[in-house]
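Structure first, commentary second.
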Amino acid sequence: MLRVIALLVVAAVAEHDREFTVRENARAGTLVGNLGDELLDAAPPYTIVPVQGSAVNDDLKIDPHTGEIRTRVPLDRENRDHYALVAIPASGDNIRVVIRVSDENDNAPTFPTPVMNVEFSENTPRDVKRKLNPARDQDLGIFNTQRYNIVSGNTENAYRLSSHRELDGVLYLDLQINGFLDRETTDHYELVIEALDGGTPPLRGTMTVNITILDVNDNPPVFAESAYSATIPENATIGTTVLKVSATDSDAGENGLIEYSINRRQSDKENMFKIDPETGEITVNKALDFETKELHELVVVARDKGAQTLETTAFVSIRVTDVNDNQPTIDVIFLSDDATPKISESAQLDEFVARISVHDPDSKTEYANVNVTLSGGDGHFDLRTHDNIIYLVVVALPLDRETRSTYTLSVVATDKGSPPLHASRNISLRVTDVNDNPPVFLESVYKNSVPEAAAPGTPVVQVSASDADEGENSEIRYSLLPTPQSEWFAIDERSGLVTTRARVDCETNPMPKLTVVATDRGSPPLSSTATLLVTVLDVNDNEPIFDQSFYNVTVSESEAVGSCILKVCFCSKFKDHS
């Protein structure tokens with residue numbers, strides 16, 4: 001042992017360095033090299049001193065007599081990449097020998113685990129990376145891992161790979177989002193990823209990456225139908241089921257649990273209906289009435305239970321069907337100028353008297369046909385219709401107010417329900433007057449006398465006329481037709497009292513004849529006349545008057561006694577005297 005140490009000390013002073021290379025996996029016995037080549041002063045035999053722990057004796061066979069180095073077994077670079085020894089020749093300097101094992105592509109890239117589990121939230125943005133376990137290859141250089149590929153499972157090209165090599169020589173691997181994830185479309189991916197080295201052909205290793213897509217509340221509930229409709233009779237009891245709405249949510253967990261409600265701000269403020277929040281069943285909550293409201297429109301909300309809730313709405317139309325629980329109603333509009341129940345006696349046949357509309361609050365389909373009849377009026381009025389909804393009362397026979405001024409008509413409406421219901425309406429119709437009757441004097445000739453000495457204002461006679469019309473048509477005003485003697489008299493236009501206006505004169509006209517006129521105030525006015533004969537009674541109100549104021553007579557002296565020598569004349573107003 002002391003001798004070896006001494007030799008090593010000497011070698012340390014004067015050494016040669018030899019380096020050999022041998023291909024890994026070369027078969028046993030492959031020549032690596034010769035220790036003495038190129039060293040003239042290092043001839044065999046050699047003493048071989050392996051560096052401690054270099055396994056020279058195990059893997060190499062060195063002939064000390066020739067210096068030939070051969071492999072004892074196929075070498076594995078990944079197990080040992082070099083061998084070191086010192087060869088001490090019999091003469092000359094010592095030789096420090098390094099035998100390097102060159103790499104071959106005999107190792108495929110290997111992932112640390114065959115399966116890796118990864119989670120992504122479905123709202124993960126594009127290009128986000130997630131580190132994956134890299135594949136490691138014991139080979140060197142180009143024979144190490146060079147690239148990664150996705151072999152299968154990349155549905156819709158949702159992912160891509162990126163890699164980078166760090167100082168430790170490992171090609172690290174990242175999984176990147178390549179598109180947009182949607183758990184509701186694909187909730188799981190099973191990617192087979194391969195790692196390839198640079199050999200020819202390349203060696204490869206694979207790893208399965210199980211990707212679970214985590215749900216976010218990105219989908220609102222969806223109703224099976226956007227609009228629902230149902231019918232229910234108005235006598236349905238509280239709690240009766242109307243219909244059931246249904247919605248689904250493609251999200252998972254709480255995000256996909258649905259709760260139903262009715263939007264009371266937009267619909268059904270009277271709470272006529274209620275909805276089961278879990279099942280979506282809509283039931284009657286209050287008594288329904290077709291006549292109050294026959295169509296109810298609800299806005300139903302389906303809301304999920306996610307942290308940030310999403311909701312959607314559907315419209316529900318509920319039509320209330322009728323039962324015959326209402327009698328018809330009758331509305332009458334009178335077609336007179338002031339909309340009162342009246343008709344002029346001058347109305348023509350078929351002239352409209354009133355408009356009658358019949359309404360049955362019950363169903364327009366089942367109970368819309370209502371039978372309407374008109375009675376009363378003694379045939380002077382008739383009822384006509386074209387649609388059994390609007391009726392017209394018309395004049396059927398001529399009217400005469402002076403004969404009959406009012407009529408009582410009865411309208412009866414009967415529906416066709418089972419049992420039928422009916423309503424009636426009485427109409428008191430007034431026949432209005434037209435000026436179709438002139439005044440009529442009680443007498444056609446009035447006679448009276450008045451002394452010629454009567455003072456002005458002395459009553460002579462009172463005439464009287466009547467008018468069968470009414471109102472202004474029957475108001476009478478009296479007057480005298482102008483004649484030479486009409487100025488002697490006056491007549492009160494309202495009472496018909498005839499009085500003297502001035503002194504009458506028998507000597508002028510002992511029996512003046514007057515015409516009295518009675519005129520109504522209709523439009524146009526009508527009138528009639530009567531004759532008034534007034535006898536003027538004479539009084540001695542005139543002195544005799546000579547026919548001349550001076551007479552001149554000549555008498556013969558021989559005129560006999562008793563002879564008429566002059567005849568004088570005088571007269572009153574109506575008689576001569578001599």
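Ordered from longest to shortest, the equivalent ellipsoid semi-axes for region 218-260 are 30, 12, 5 Å, each the square root of 5 times a Cα gyration tensor eigenvalue.
For the residue pairs Lys293/Lys342; Lys131/Lys305; Lys293/Lys416; Lys244/Lys269; Lys342/Lys416; Lys274/Lys416, the C-alpha atoms sit more than 28 angstrom apart in Lys293/Lys342; Lys131/Lys305; Lys342/Lys416; Lys274/Lys416.
Ordered from longest to shortest, the equivalent ellipsoid semi-axes for region 288-360 are 54, 15, 8 Å, each the square root of 5 times a Cα gyration tensor eigenvalue.
Centre-to-centre separation between the Cα atoms of region 393-408 and those of region 251-297: 59 Å. Gain on full extension, evaluated as 0.36 nm per residue between Asp350 and Asn509 minus their Cα-Cα distance, stands at 51.3 nm. In a reduced charge model with +1 at each Lys and Arg Cβ and -1 at each Asp and Glu Cβ, region 424-495 shows a dipole moment near 180 debye about its Cα centre. Name the residue from Val323, Pro277, Asn263 whose Cα lies farthest towards the positive end of the charge dipole of region 253-339, charges +1 on Cβ of Lys and Arg and -1 on Cβ of Asp and Glu. Final value for the positive-end residue is Pro277.
What is the distance in Å between the Cα centroid of region 439-454 and that of region 302-354? Here the answer is 69 Å between Cα centres. Taking every alpha-carbon pair in region 19-64 and binning the separations at 10 Å intervals from zero gives 21, 53, 25, 1 percent.
Using alpha carbons only, the radius of gyration of region 68-192 set against its Kirkwood radius gives Rg/Rh = 1.26.
By the Kirkwood approach, averaging reciprocal distances over each pair of separate Cα atoms, region 184-224 gets a hydrodynamic radius of 13.6 Å.
From the Kirkwood radius over Cα pairs of the chain, Stokes-Einstein at 4 °C and 1.567 mPa s returns a whole-number translational diffusion coefficient of 32 µm²/s. Placing +1 on each Lys and Arg Cβ and -1 on each Asp and Glu Cβ, with no other charges, gives the chain a dipole about its Cα centre of roughly 1180 debye.
Distance between the 7 Å Cα→Cβ label points at Asp41 and Lys293: 12.0 nm.
Ligands, DNA and RNA left out, the accessible area of the chain computed with a 1.4 Å probe is 50% carbon and sulfur. Per-residue surface analysis assigns Val536 an accessible area of about 10 Å², computed on protein heavy atoms at 1.4 Å probe radius.
Among the chymotrypsin sites (Phe, Trp or Tyr not before Pro) in region 176-251, those placed in a DSSP loop whose Cβ has at most 14 other Cβ atoms within 10 Å are Phe180.
Semi-axes of the equivalent ellipsoid of region 248-331: what are they in whole Å, largest first, if each equals the square root of 5 times a C-alpha gyration tensor eigenvalue? Display every interim value, and only then the final one.
Working: eigenvalues 248, 23, 17 Å².
Over the Cα atoms of region 248-331, the semi-axes work out to 35, 11, 9 Å.
Toward the positive end of the charge dipole of the chain, with +1 on the Cβ of Lys and Arg and -1 on the Cβ of Asp and Glu, the farthest Cα among Leu480, Asn509, Gly36 is that of Gly36. Less than 12 Å from a label point 7 Å out along the Cα-to-Cβ axis of Arg384: which backbone N atoms in region 395-422 qualify, by residue? Answer for region 395-422: 395-397. With the charge dipole of the chain set up from +1 on Lys and Arg Cβ and -1 on Asp and Glu Cβ about the Cα centre, the Cα lying farthest toward the positive end among the listed residues Gly306, Ser428, Thr241 is that of Gly306.
Take the Kirkwood radius over Cα pairs of region 360-487, plug it into Stokes-Einstein at 20 °C and 1.002 mPa s, and you get 106 µm²/s for translational diffusion. A 1.4 Å probe run over the protein chains yields, for the chain, 56 Å² of accessible area per residue, whole-number rounding.
Here the label points at Glu475 and Ser261, each 7 Å from Cα along the C-beta direction, are separated by 7.5 nm in the simple model.
Between 0 and 90 degrees, the angle of helix 2-13 with respect to the longest Cα principal axis of the chain falls at about 60 degrees. Once you reduce region 79-96 and region 472-499 to the center of their Cα atoms, the two points are 175 Å from each other. What translational diffusion coefficient, to the nearest whole µm²/s, does region 164-207 have by Stokes-Einstein, given a Kirkwood radius computed over alpha-carbon pairs, a temperature of 4 °C and 1.567 mPa s viscosity? Estimated diffusion coefficient is 97 µm²/s. Dipole check for region 64-185: with +1 at the C-beta of Lys and Arg, -1 at the C-beta of Asp and Glu, and the Cα centre as origin, the magnitude is about 240 Debye.
The values are calculated or read from the model by the stated rules, or taken from the named source; none is laboratory data. Everything numeric here is computed off the predicted structure, so don't read it as measured data. Neighbour counts are summed over all protein chains in view; Cβ atoms, including those assigned to glycine, are modelled from backbone coordinates with ideal geometry. For accessibility, only protein heavy atoms count, side chains too; no ligands or nucleic acids. Shrake-Rupley method; radii C 1.70, N 1.55, O 1.52, S 1.80 Å.
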